[in-house]
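Working notes for the structure below.
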Amino acid sequence: MKNLTDAGEQDSGIRWKSSTLRNAKNSLAGIAGYLALLAMLAIMVSIFGYIIQGGATHITLKIITTNGNTTTGGILNAIIGTWLLVGTGLLFSVPPGVLGALYNVQSTSHGGIASVTRLFTDILTSVPSIVIGLFGYLILVIRLGMGFSLLAGGMALGIMMLPYVMRISEISMRNVPAEQVNNAYALGADTINVAYRIYLPQAGAGIISGILLAIGIAAGETAQLLYTAGWNNALPSGLLKSPVAYLTYVVWYGINQPSAYAHQLAFVSAFILIIMVTALIFISKFIGRKGA
């Protein structure tokens, strides 16, 4: 009996030590998580606070309602140009992105092609923006003769936005209940009817959320636009061979100038970009939750 009692006490002691060690590890992991979260929040608050302080204190009605050249005047041409470029990019990313997602979701006999499509989509997501800009400059600007233009810049942004639109659209469509799809096919619906009556309505909120996220990313891009859009002190006069102004150029160029006013324009442009991107992210999250 004594041996059994000693063995029980020893086993109980081992369990107690194991439980204590596990709780200590959990506590340390929790503390590390909180510290990491606080560090991230501190960095975000510092960045946002610095940009907001520098931009909000210098923004004026004249700056946002007049055209300029990054050192004098305003940034109206850059604000409008940014949205023109993003809008053009949507034309080259949303239709193929959504259609590609539909193909991947509905492809049963062509699973191999869908897998290859997903692979190249993931690769395109990781391609540096400067590489897309180089491609746009060599092919769109020079080879196809578009010049620095709205069309070349928009197409470069569209290439960057495409994988985001396609992947998020596909994920949203795969969340559609399989019973609804199977019932539609059982009732005699074809692939097109299932796409437009089941997938798109059910996954619409997720698709829109992904598009808004892609817009927010595209609005903050610079590298590919330096090689394809150029810069214009006014608004573009057409789709081809007419450069376009955009906000990130004002930030990139203005902050490197010795002029204090150029620095003000850079901060105001960064401030507007932060507001635009933050608003788009919150709207996309709101729409995504409504559709969930």
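Values quoted throughout were computed directly from the atomic coordinates according to the rules given, and no laboratory measurement underlies them. Please read all numbers here as calculations on a predicted model, not as lab measurements. For neighbour counting, all protein chains shown are included, and Cβ atoms are generated from backbone atoms with ideal geometry for every residue, glycine included.
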Of the candidate values (i) 154; (ii) 227; (iii) 122, the one computed for volume of the Cα convex hull per residue in Å³ from this structure is (ii)
Using alpha carbon centers only, the stretch 34-93 is separated from the stretch 225-292 by a whole-angstrom value of 6 Å
In nm, what is the difference between 0.36 nm times the number of residues separating residue 52 and residue 278 and their Cα-Cα distance?
-> 80.1 nm
Return one quarter of the surface area of the convex hull spanned by the alpha-carbon atoms of the stretch 82-156, equal to its mean projected area, in nm².
-> 5.7 nm²
How much net charge surrounds residue 99 when only other residues with a Cβ under 15 Å from its Cβ are counted (Lys, Arg +1; Asp, Glu -1)?
-> +1
Do the sum for the chain: with -39,500 (n - 2.57) for every DSSP H run of n ≥ 4, divided by all residues, what is the mean residue ellipticity at 222 nm, to the nearest 500 deg cm²/dmol?
-> -25500 deg cm²/dmol
On the first, second and third principal axes, largest extent first, how far apart are the outermost C-alpha atoms of the stretch 92-231 in Å?
-> 55, 28, 23
Length gain on complete extension for the stretch residue 180 to residue 144, per 0.36 nm per residue less the alpha carbon to alpha carbon distance?
-> 8.4 nm
Measuring from a point 7 Å past the Cα of residue 259 along Cα-to-C-beta, which residues in the stretch 44-86 have an amide N at less than 14 Å?
-> 63, 67-76
